[in-house]
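**Student:** After the structure tokens below, expect a handful of questions from me.
The values are calculated or read from the model by the stated rules, or taken from the named source; none is laboratory data. From a predicted model like this one, the values you see are computed outputs, not experimental measurements. Heads up, the Cβs are rebuilt from the backbone with ideal geometry, glycines too, and the neighbour counts pull from every protein chain shown. When the accessible area is computed, the model is the full protein with side chains, heavy atoms only, and any ligands, DNA or RNA have been set aside. Shrake-Rupley method; radii C 1.70, N 1.55, O 1.52, S 1.80 Å.
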Amino acid sequence: MSDVIQLLPDSVANQIAAGEVIQRPASVIKELVENAVDAGAHHIDVSVVDAGRTSIQVIDDGKGMSETDARLAFERHATSKIRKADDLFNLHTMGFRGEALPSIVAVSQVELKTRMADETLGTDIVISGSKLQSQEPCACPQGANFKVENLFFNVPARRKFLKSNATELNHIITAFERIVLVYPEIGFTFHSNGGELYDLRPGTLRQRIVDVFGKRINADLLPLNVETSVCGLSGFVGKPESAKKKGAKQFFFVNGRYMRHPYFHKAVQSVYERLVPQGEQVPYFIYFDVNPHDIDVNIHPTKTEIKFENEQTVYQILLAAVRDAIGSFSGVSTIDFDTEGKPEIPLFQSENEDGGEPFAMPKVDFDPQYNPFTATPKRPSSYDGGQSVHSKTSIFSGPVQEDPWNIPLTPNTSSPNNPASDTLFSGPVQENESEEIEDKAPTHYQYKGKYIMTSVKSGLMVLDQHRAHIRILYEDYMRRLASHKMHSQKILFPQKIDLTPKEMLILTTVKDDVSLLGFELTPVGAATYSINAIPEGFEGVDVVSLLHDILSDADTDSQLAKIHDNMALSLARAAAIPYGQVLSNEEMENIINQLFQCSNVNYTPDGHATLCIIKQKDIENMLG
């Protein structure tokens with residue numbers, strides 16, 4: 001029987017490795033930019049064509065490579081960062097496994113131009129599908145110039161399953177952001193199809209965050225800086241009012257490497273648990289400085305998951321650091337027990353200064369002869385020792401024919417044989433009692449400006465006015481979008497909105513749908529638009545924040561129905577009746593009637609309950 005196990009050719013092995021390392025064009029950019037950072041570059045240029053399908057180019061001014069190193073860099077497990085096994089646990093660089101370049105050239109056509117500072121000529125290497133096409137000297141600036149073309153040209157199945165250009169570009173921007181946020185001292189530029197999306201100059205970390213995500217985030221950042229023997233923490237966390245349901249910028253970095261860590265994310269969110277509405281999240285940019293011996297970064301092919309040796313301790317440190325940052329922002333001062341030289345605060349003394357009797361409590365006058373059940377209530381009088389100080393003539397200017405305070409409590413059905421005092425609890429009142437309660441009792445009752453309470457056949461219905469209005473408006477907007485009947489109105493003073501590159505990318509995808517909602521946007525700059533018209537009925541709404549929310553909720557790869565759903569929900573949240581607004585009985589009646597005309601009366605579009613019913617039996621049981 002012949003042997004069946006054989007060694008795979010290098011080209012096939014490299015394609016298998018590429019399946020783990022190179023998942024999409026964003027993976028190529030991540031690997032090449034990280035290599036440029038490790039090469040000591042001060043400026044890195046990234047350029048893509050057709051979201052990386054056609055071309056990806058990364059140029060840096062790092063130390064470059066010699067002719068031998070340039071050729072050897074494309075071999076598997078060739079790296080300048082690892083010499084022995086112990087180096088795996090003492091990593092200070094981004095790439096170290098030596099699989100990035102071999103994986104890239106296995107599924108694309110790559111040209112590399114590189115030169116070291118002390119060399120006159122550089123090296124030009126062309127490799128296609130792991131096969132060397134040419135290698136020759138060339139004139140080029142110091143550093144490295146990688147050009148990757150026709151990604152997945154030899155793996156048609158992988159290329160076919162790439163998403164749309166807008167989606168792939170969105171992934172590229174995400175990978176680019178995770179790197180530029182770690183190295184604010186390095187300048188970066190990013191171009192897509194010849195247009196500039198980012199021009200990031202070297203600066204501080206705060207300035208880099210603002211350059212990437214826009215000026216609006218600057219006012220929401222709280223500094224974080226803690227040094228312990230276990231780890232160091234730095235960065236920024238968001239203020240509670242910056243919380244949002246979707247699209248919050250949340251980043252963890254460990255020793256300059258981006259990571260995802262649900263356990264540490266829970267630590268940050270637990271601090272804001274009672275400060276922000278349920279389901280909303282705050283932005284954070286947190287940087288860990290940990291001894292490399294205490295972490296393992298080689299547990300995931302993309303190195304986005306990191307294992308900590310003392311995870312519980314780091315969790316507690318992170319928890320305390322975020323609390324301290326929020327506490328400093330709140331301005332809560334500590335108690336100072338050092339009273340030397342401080343002004344004396346006088347205290348209330350229960351006795352007179354001369355040591356006499358304590359201050360006497362004020363006396364309350366009341367009329368002991370007052371009886372609320374008498375048929376003829378007592379006329380107003382000032383009580384002083386039980387004697388009235390006023391008479392009828394002192395109240396009225398002329399003689400009084402009838403006592404104006406002698407008013408019967410019930411309809412005048414008395415007669416000489418049936419005095420008024422006998423009709424206080426007589427039959428006619430009992431017969432009309434239920435009718436009088438119905439006339440005087442309100443149909444609906446608003447509780448604390450938040451809930452509408454009304455009686456139903458089975459008991460008491462409690463309705464959340466804000467959530468109910470969201471459901472009503474959401475279904476109304478969905479009907480209008482489906483029938484293209486959204487109306488807009490011009491605004492007297494147009495407002496400007498500055499968009500981030502990612503929001504610009506999403507806007508190009510959903511621009512027609514945004515116009516369909518009733519917005520009229522006119523470009524006035526590279527990433528600035530003028531809002532000339534807004535949907536009808538949105539006076540007083542912060543339309544700039546509303547547009548940011550709509551763009552953050554939209555997805556470049558979503559179906560049209562999903563985009564309309566997110567947009568209608570964002571509009572409904574912005575226009576819904578806020579908590580604390582006092583409603584008339586007619587307004588509450590309209591909300592209830594409109595809600596019960598909706599397709600789903602029990603829940604908002606995002607799954608929150610709109611009402612509950614307290615059964616009559618439960619009320620009776622509670623009252624015993």
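**Student:** Just one of the numbered conditions (1) open to solvent by less than 80 Å² (accessible area, probe 1.4 Å); (2) among the charged types (D, E, K, R); (3) assigned to a helix (DSSP H, G or I) is not true of D606; which one?
**Tutor:** Going through (1) open to solvent by less than 80 Å² (accessible area, probe 1.4 Å); (2) among the charged types (D, E, K, R); (3) assigned to a helix (DSSP H, G or I) one by one, D606 breaks only (3).
**Student:** I need a count of the residues in segment 543-559 that are surrounded by fewer than 16 Cβ atoms within 10 Å (Cβ to Cβ) and either within 12 Å of V514 (Cα to Cα) or at pLDDT 80 or above (or both).
**Tutor:** Total satisfying the criteria: 2.
**Student:** So which pairs qualify, if the first residue must be in segment 521-533 and modelled with pLDDT under 85, the second must be assigned to a loop (DSSP other than H, G, I, E, B) and open to solvent by less than 30 Å² (accessible area, probe 1.4 Å), the Cβ gap must be under 9 Å, and the two must be at least 6 apart or on different chains?
**Tutor:** Once the first residue is modelled with pLDDT under 85 and sits in segment 521-533, its partners that are assigned to a loop (DSSP other than H, G, I, E, B) and open to solvent by less than 30 Å² (accessible area, probe 1.4 Å) give A527/G214; A527/L499; A527/T500.
**Student:** Using the structure shown, decide if F337 is part of a helix (DSSP H, G or I) and either open to solvent by 60 Å² or more (accessible area, probe 1.4 Å) or at pLDDT below 80 (or both).
**Tutor:** So F337 fails the test.
**Student:** Still on this model: Of all the strands (runs of 3 or more DSSP E) wholly in segment 129-243, which have at least 1 residues that are more than 30 Å from E309 (Cβ to Cβ) and open to solvent by 20 Å² or more (accessible area, probe 1.4 Å)?
**Tutor:** Ranges flagged: 131-138, 143-149, 187-192, 195-200.
**Student:** Could you say which residue among S421, S426, S434 is at pLDDT below 85, farther than 30 Å from A609 by Cβ, of a type in the set (S, T, Y) and open to solvent by less than 50 Å² (accessible area, probe 1.4 Å)?
**Tutor:** S426
**Student:** Considering segment 41-63 alone, what residues qualify as being touching a helix residue (DSSP H, G or I) at 6+ places or on another chain (Cβ under 7 Å), crowded, with 21+ Cβ neighbours inside 10 Å and not β-branched (V, I, T)?
**Tutor:** The answer is A51, G52, D60, G62.
**Student:** Could I ask something else about it? For segment 262-288, give me each residue that is under 16 Å from E241 (Cβ atoms), among the charged types (D, E, K, R) and loosely packed, with under 14 Cβ neighbours inside 10 Å.
**Tutor:** Across segment 262-288, the qualifying residues are E273, R274.
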